[in-house]
Structures are given as structure tokens and as C-alpha cells.
Amino acid sequence: MNSIIQVVNLRKTYGATVAVDDISFEVQEGEIFGMVGPNGAGKTTTIECLEGLRRPDGGSLRVLGVDPHQEGKSLRLHTGIQLQQSNLPERMKVWEALDLYSSFYPHPAGWETLLEQLGLIEKRNTAFAKLSGGQKQRLFIALALLPDPQLVFLDELTTGLDPQARHAIWDLVREVRSKGKTILMTTHFMEEAERLCDRVAILDHGRIVALDEPGVLIRKLGGEERVVFNLDETMPPALEMALSKLGQVVIEGDRVSVRGTGTQHKALVTEVVGTLSTSGIRFRDLRTEQSNLEDVFLKMTGQAMKD
């Protein structure tokens with residue numbers, strides 16, 4: 001496969017703050033590559049450096065064979081960009097936005113075809129301000145596809161959308177890739193990365209702490225399992241300490257999860273139930289769950305993902 005993006009020892013600082021700390025990776029032609037992690041992990045800074053919008057402080061970048069900072073103008077003719085903070089004039093109609101933006105490119109894709117493909121035909125005469133969140137995101141995808149790009153950048157595409165709209169956008173991303181496009185996306189939704197990406201780089205405090213296919217990263221957790229339950233009262237410190245001896249404990253409101261492997265003699269769920277019963281604390285909705293990409297993040301960084 002051809003390498004579309006090469007990043008070697010990328011570094012970007014803002015005063016004393018290190019936003020991106022010496023990271024390296026490649027993106028192959030035709031794949032969906034995800035950068036995942038919490039807000040502030042360095043995802044948006046990295047993607048903006050690759051788009052030529054920010055100048056790196058160190059390292060080297062190649063996007064479609066060129067330096068994005070030195071060749072940014074020509075590069076944008078072959079890349080589609082959906083920015084995290086995209087916006088349009090409130091009164092601008094959908095067709096007006098597509099018609100205007102298509103004039104920026106020498107050989108644009110047909111915007112009327114994009115309207116149909118992205119389910120916006122009925123909204124062609126609707127003002128931007130009247131669109132729902134999901135419809136706005138579909139419009140931004142259409143704008144990113146106008147140059148008929150080889151490479152598409154999607155930055156936090158589904159933030160703020162309800163679950164139904166988010167799943168609809170996922171289907172659109174898969175459709176874009178099916179047309180032979182390469183996609184580099186950032187997200188802080190681990191489920192999104194797990195569902196969409198061929199490979200993911202997990203970022204934490206500006207560094208890549210893991211990079212591989214989602215399934216491979218999950219399998220590397222080994223035989224670990226997660227036991228989840230809810231409490232009707234505040235977790236007593238003594239119980240939290242007892243559970244922490246069994247595995248990694250995460251408390252989110254009344255929801256508690258314990259991740260570990262259990263002992264040689266007992267499964268983790270048996271040990272958790274026994275500890276809860278001994279404590280006399282009332283619990284409910286206890287269940288086991290399969291490992292996922294968020295578990296990988298928790299394992300690598302020691303902190304839970306937050307939406």
C-alpha cells in the first residue's frame with residue numbers, strides 16, 4: 001500500500017504547553033485512520049499541522065508527497081477538510097454554500113450529486129441556521145468532498161450529535177471510504193473509533209501511547225474482563241480500596257466498573273460479588289462486559305474517557 005501521510009517526530013508547543021510531543025505515524029492509502037483521546041490530547045493540533053494550518057516546531061510532515069506548510073495551497077486542491085469549528089452564514093442556503101465552495105476548485109465534484117448522496121436534496125433551499133446538527137455535519141462533509149479529494153480530514157465530526165445522527169454520519173464516512181478515499185479522523189468517542197477505523201493512534205498528553213488495529217489493541221488486554229454495577233449510595237473508601245485489590249476501579253456517578261483478571265481460583269465477577277456482599281453495600285444491575293477500545297485507553301493512561 002502507498003503511504004499517504006508520513007509524520008516523523010512531530011512537535012508543537014504553545015509557550016510552556018507541549019501540545020504534540022514527538023509523535024510519528026503513517027497513514028496508508030484507502031484506510032480510515034483515527035486519532036483518539038480526550039480533549040487536549042493533541043489531536044486537533046496534529047491534524048491542523050497536517051492540513052498546513054499550523055507550523056510545527058519540530059519534526060517533518062509529508063502529505064500526498066509534499067510538505068503541507070510549504071505547499072498548502074496546492075495540497076488543498078487534493079484534500080477535503082472538515083474543521084472542528086466549522087460554520088457558515090446563518091442565511092446562506094445549502095445549495096448556495098455548495099455552489100460557492102465549488103467555485104474554489106478547478107475540477108470540483110458535482111455538488112448536485114453530493115446533495116443526493118448525502119441526503120440533502122430536500123434541504124437544498126434551507127438556510128444554514130435552520131438545519132439540524134446532523135444535517136449541518138452532512139453539509140460539511142459535502143463541502144469537504146467538493147474538490148474530489150484523495151484525502152479527507154474529519155475533526156471531531158460527531159461531537160454534539162444525538163446517537164441517531166451519529167450513526168447516520170458513521171454510515172456516510174464508510175460510504176466515503178468505499179469510493180477509494182483515504183480518511184484521517186479525530187474523535188474522543190472510543191466507540192466511534194472502534195466502529196470506523198482500520199487503525200487508531202491513542203493520544204494522551206500529546207504523545208502516542210498505542211497504535212494498531214482496534215481489534216489487536218483490544219486482544220492485547222489478554223484475559224481481562226470488566227464487571228459493572230450501580231450503587232444506591234456513595235462508595236465507601238474501604239470498599240473502593242478492597243475492590244482496587246481486584247482490579248482497576250472507575251467510578252462515574254453511581255456507576256462503578258472493575259477491570260481485571262481475577263485470581264487463579266476465582267473469576268473476577270465472583271470476587272467482586274463476594275467483596276460487595278461482605279461490605280453490606282446495596283448494589284444493582286451487576287453485569288460483565290466485553291473489553292473495548294475504552295478499556296485499552298484506560299489501561300494505557302490510567303484515566304477514563306469523558307465525552
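The values are calculated or read from the model by the stated rules, or taken from the named source; none is laboratory data. These numbers were taken from a predicted model, which means no experiment stands behind them. Note: ideal-geometry Cβ built from the backbone for every residue, glycine included; neighbour counts use all protein chains shown.
Computed quantities for the displayed model
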item: Test result for residue 277, of a type in the set (Gly, Ala, Ser) and either surrounded by 19 or more Cβ atoms within 10 Å (Cβ to Cβ) or in the same structural domain as residue 169 (by TED's automatic domain parsing) (or both); result: no
item: Residue ranges of strands (runs of 3 or more DSSP E) in the range 20-123 with at least 3 members of a type in the set (Val, Ile, Thr) and either surrounded by fewer than 20 Cβ atoms within 10 Å (Cβ to Cβ) or within 26 Å of the chain's Cα centre (by Cα) (or both); result: none
item: Residues of the range 151-188 classified as without any contact (Cβ under 8 Å) to a residue 12 or more places away in the chain and either closer than 23 Å to residue 63 by Cα or surrounded by 23 or more Cβ atoms within 10 Å (Cβ to Cβ) (or both), total; result: 2
item: Complete set of residues in the range 265-291 that are among the polar types (S, T, N, Q) and within 28 Å of residue 214 (Cα to Cα); result: 288, 290, 291
item: Residue satisfying condition, being at positive phi and assigned by TED's automatic domain parsing to the domain that holds residue 202, within set 72, 42, 34; result: 42
item: Qualifying residue in the range 159-171 (condition: within 30 Å of residue 66 (Cα to Cα), of a type outside the set (Phe, Trp, Tyr) and touching an Asp or Glu at 6+ places or on another chain (Cβ under 8 Å)); result: no
item: Test: residue in the range 162-174 that is modelled with pLDDT of 90 or more and part of a strand (DSSP E or B); result: no
item: Filter result for the condition that a residue is surrounded by fewer than 21 Cβ atoms within 10 Å (Cβ to Cβ) and touching a Ser or Thr at 6+ places or on another chain (Cβ under 7 Å), over 148, 204; result: 204
item: Lone unmet requirement of (1) free of Cβ contacts under 8 Å to residues at least 12 places away in the same chain; (2) in contact with a Leu (Cβ under 7 Å, 6 or more places away or on another chain); (3) more than 12 Å from residue 228 (Cβ to Cβ) for residue 249; result: (3)
item: Yes/no for residue 129 being part of a helix (DSSP H, G or I), closer than 23 Å to residue 92 by Cα and out of contact with any helix residue (DSSP H, G or I) (no Cβ under 9 Å at 6 or more places or on another chain); result: yes
